[in-house]
Amino acid sequence: MTATTAVIADYRQEIVTAKSGERPSALQLGATAASRLLTETGVPRSRIGALFTGRSPQAYMALQYNHVLLNELALEPDYTSEITSHGAGALGSIAYAATLVESGAVDFGLCVTNEANALWTTPGAANASWEADPVFESPTGVSTPALYGQVASRLVHDQVVTSEQAAAVAVHARRWGSEHPDAWAYGRDELTVDDVLASPTIASPFRLLDCAPWYPGGIGTAVLVCTEQAARDLGLDFVHIAGNGLNTSHERLTQWLDSHPGDRFPATGARAASRAALRGAGQSAADLDIVQTSAPFTYVLLALLMEMGIVAPDGLDDWIASGGLGAGAAQAINTSGGYLGFGQVPQGLYLLTETIDQLRGAARGLQVDSARRALVHGHGGILASHTCLVLEKE
Amino acid sequence: MSSQGWPLTAGDATLGVFHPEPQTAGFWAGLARGELLLRRCSDCDRTWHPTQITCRSCGTVLETWVPTTGGGEIFSVSVIHRGTERATTSGPYAVAVIRLDDGPHLLSEVGAEDTHDAAIGARVRVTAEPTSARGYIARLEAEVD
């Protein structure tokens, strides 16, 4: 262990929903969050040695989006880049900043991710063209659910996940999300397994309620990463970045299969990323109080929890029956509802900020009692890129 | 070798190569003749997806096109009922990953008559078919009694 462990000192978040009638750009959301963060924490812009963003927002396409942002914010960082590993790059930006802070190369890292695609585009119609090969695959008429459906059809065929088990994920995601004031599901009625199983098929095996809704708005999030001492000097309620792990295994699912024809499927980078993050923290999966995983479909969420060692494949039924997905479980899963209950924004870092809120004892929805350690997972592509962070509060 | 594609432009300026990319030109030429072609490594003899420029196994630059029988099986499949314009106008259709007997995996549409019979493990044949969305399509092989 190095003497210097990076922390998340603080964050600011801008959320604008379509209901408000406002229509900010992704850049407005990100720049506003970042500017507020620096002003309100008192960190001079000259001390930001690293600026990382996720990839260019879908609703604000720019070459070198990070440069558009640093130009706006009048920053002059030594290290700056988009972290482009799909949606995993948003959370990955924290890992890059933490690594630089821990190396001593920079004092402060600023990570900004933002998206407003639901305010400006039709994400459901456009998204498959981002995720599939534009020449060989998109013209088949494949949708994003049908791309993930290639994975889920195998989970069903190989008897790893049943439709009833998947439905239970939707039921609990709705319940968690209904308590969080920023969530898509806020205030919505509870679901039953039968409701999920009776909802119309979108792309088999997914029914409507197996699919995450697009978040009806835009989110910009700015996160300040520095040393523990720097955060103390600023008087901030910091959270330790105890470990991080990243892994990318492919760009197209078919390429992964071409290279691994006989292997277990899906075998995702979530396994390596979560192990690396836990190893860095000196912990095991059983030591976690909270797990947040980015999964836009119910079946996929269960597969990812198995990949990360949170639940054993042969124990899935018992785990669900004993309330593993609900409030009051020994390990709370997706405490703001995750993509399914909160809604999906490709780059909003809302699973991360929910985790920081929980560890600070300041959850906006259901608070997990005495939560001290959490794992946050972000993924992108069709299970292509994964980032995991283990966060701890003293 | 011409890509037979169209350029990506901004005003009068060409910004770069667009689709189809030059390395796949041989595939499209084959398809126009009714042949489904794959990439073959001249060094390790493995067969790869038509988009591949280098061998995923040994790294050799791929130069050879070889015809495939198109025989294979459904590795995974999803039937799309809603959420796309095509499903709205024409009803459900299936998209599957086909594991070709030659090795590579192709994401392919499945023949409309097979939409509801497309199941994992089913034998299929992928054939050139100009009227399909992509120029090729997977059809279930008749069951042998």
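The values are calculated or read from the model by the stated rules, or taken from the named source; none is laboratory data. From a predicted model like this one, the values you see are computed outputs, not experimental measurements. Quick reminder, even Gly has a Cβ in these numbers, built from the backbone with ideal geometry, and neighbours come from all protein chains shown. SASA here: full protein model, heavy atoms, side chains in, ligands and nucleic acids out. Shrake-Rupley method; radii C 1.70, N 1.55, O 1.52, S 1.80 Å.
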query: On the given criteria, is A:Ile202 in a strand (DSSP E or B) and within 13 Å of another protein chain (Cβ to nearest Cβ)?
result: yes
task: Look at A:Arg264 and say whether it is at pLDDT below 95 and either among the β-branched types (Val, Ile, Thr) or open to solvent by less than 50 Å² (accessible area, probe 1.4 Å) (or both).
output: no
field: Hits in segment A:224-242 - residues which are assigned to a helix (DSSP H, G or I) and in contact (Cβ under 8 Å) with a residue 60 or more places away in the chain
entry: A:Glu228, A:Ala230, A:Ala231
Output for segment A:289-315, where each listed residue is β-branched (Val, Ile, Thr), closer than 21 Å to A:Gly380 by Cβ and open to solvent by less than 10 Å² (accessible area, probe 1.4 Å): A:Val291, A:Thr293, A:Thr298, A:Val300
- prompt: Given the residues A:Leu27, A:Leu75, which is the only one that is within 22 Å of A:Gln344 (Cβ to Cβ), of a type in the set (A, V, I, L, M, F, W, C) and either in contact with a strand residue (DSSP E or B) (Cβ under 9 Å, 6 or more places away or on another chain) or without any contact (Cβ under 8 Å) to a residue 60 or more places away in the chain (or both)?
  reply: A:Leu27
Positions within segment A:316-340 being open to solvent by less than 20 Å² (accessible area, probe 1.4 Å) and closer than 23 Å to A:Leu278 by Cβ, in sequence order: A:Leu316, A:Gly324, A:Leu325, A:Ala332, A:Ile333, A:Asn334, A:Thr335, A:Ser336, A:Gly338
message: For segment A:140-147, check the following and say yes or no: at least one residue is on the phi < 0 side of the Ramachandran plot and surrounded by fewer than 22 Cβ atoms within 10 Å (Cβ to Cβ).
response: no
query: Which numbered condition trips up B:His105, out of (1) on the phi < 0 side of the Ramachandran plot; (2) more than 9 Å from chain A (Cβ to nearest Cβ)?
result: (2)
message: For the structure I just gave you, tell me whether A:Thr32 is among the polar types (S, T, N, Q) and in a helix (DSSP H, G or I).
response: yes
query: Is there a residue in segment A:225-233 that is surrounded by fewer than 19 Cβ atoms within 10 Å (Cβ to Cβ) and under 22 Å from the mean Cα position of the chain (by Cα)?
result: no
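So in segment A:239-255, with the set limited to residues that are among the polar types (S, T, N, Q) and away from every other protein chain (no Cβ under 14 Å), which one is nearest to B:Thr51 (Cα to Cα)? Give the derivation first.
Narrowing segment A:239-255 to residues among the polar types (S, T, N, Q): A:244, A:247-249, A:254-255.
The next check asks that each one be away from every other protein chain (no Cβ under 14 Å); those that pass are A:244, A:247-248.
Working: A:Asn244: 34, A:Asn247: 24, A:Thr248: 20 Å.
The extreme case among them is A:Thr248.
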message: So if I check each of A:Leu191, A:Leu208, which one is in contact with a strand residue (DSSP E or B) (Cβ under 9 Å, 6 or more places away or on another chain) and modelled with pLDDT of 95 or more?
response: A:Leu208
message: Given the criteria surrounded by fewer than 24 Cβ atoms within 10 Å (Cβ to Cβ), more than 14 Å from every other protein chain (Cβ to nearest Cβ) and more than 21 Å from the chain's Cα centre (by Cα), does A:Asp258 qualify?
response: no
message: Where the second residue is among the acidic types (Asp, Glu) and at pLDDT 95 or above and the first is over 10 Å from A:Gly243 (Cα atoms) and lies in segment A:254-283, which pairs have Cβ atoms under 6 Å and are six or more apart or on separate chains?
response: A:Thr268/A:Glu307; A:Ala270/A:Glu307; A:Arg271/A:Glu307
task: Inspect all residues belonging to segment A:209-223 and state whether any of them is out of contact with any Lys or Arg (no Cβ under 8 Å at 6 or more places or on another chain), part of a helix (DSSP H, G or I) and β-branched (Val, Ile, Thr).
output: no
- prompt: So, in segment B:78-102, of the ones that are within 15 Å of A:Ala128 (Cα to Cα) and of a type in the set (S, T, N, Q), which residue ends up nearest to the other protein chains (Cβ to nearest Cβ)?
  reply: B:Ser78
query: Looking at A:Val161, A:Val169, A:Val142, A:Val135, which one is within 7 Å of another protein chain (Cβ to nearest Cβ) and in contact with a Leu (Cβ under 7 Å, 6 or more places away or on another chain)?
result: A:Val142
field: Test: residue in segment A:99-121 that is under 20 Å from the mean Cα position of the chain (by Cα), open to solvent by 20 Å² or more (accessible area, probe 1.4 Å), within 14 Å of chain B (Cβ to nearest Cβ) and more than 30 Å from A:Val7 (Cα to Cα)
entry: no
query: Which of the following residues is closer than 30 Å to A:Val16 by Cα and touching a Lys or Arg at 6+ places or on another chain (Cβ under 9 Å): A:Val169, A:Val196?
result: A:Val196
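Take the residues in segment B:36-53 that are in a strand (DSSP E or B) and within 12 Å of chain A (Cβ to nearest Cβ); name whichever of them is surrounded by the fewest Cβ atoms within 10 Å (Cβ to Cβ). Before the answer, list the steps.
So in segment B:36-53, the residues in a strand (DSSP E or B) come out as B:37-40, B:47-48.
From what's left, within 12 Å of chain A (Cβ to nearest Cβ): B:38-39, B:47-48.
Details: B:Leu38: 23, B:Arg39: 25, B:Thr47: 20, B:Trp48: 22.
Among residues in segment B:36-53 that are in a strand (DSSP E or B) and within 12 Å of chain A (Cβ to nearest Cβ), the one surrounded by the fewest Cβ atoms within 10 Å (Cβ to Cβ) is B:Thr47.
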message: Here's a check for you: in segment B:54-64, which residue that is more than 12 Å from B:Leu37 (Cβ to Cβ) and within 14 Å of chain A (Cβ to nearest Cβ) is most open to solvent (accessible area, probe 1.4 Å)?
response: B:Arg56
task: State whether one or more residues within segment A:66-87 are at positive phi, assigned to a loop (DSSP other than H, G, I, E, B) and buried (at least 20 other Cβ atoms within 10 Å of the Cβ).
output: yes
statement: So the strands (runs of 3 or more DSSP E) completely within segment B:65-111 holding 3 or more residues that are without any contact (Cβ under 8 Å) to a residue 24 or more places away in the chain and crowded, with 17+ Cβ neighbours inside 10 Å are B:93-100
Positions within segment B:35-57 being within 24 Å of B:Ala128 (Cβ to Cβ) and β-branched (Val, Ile, Thr), in sequence order: B:Thr47, B:Thr51, B:Ile53
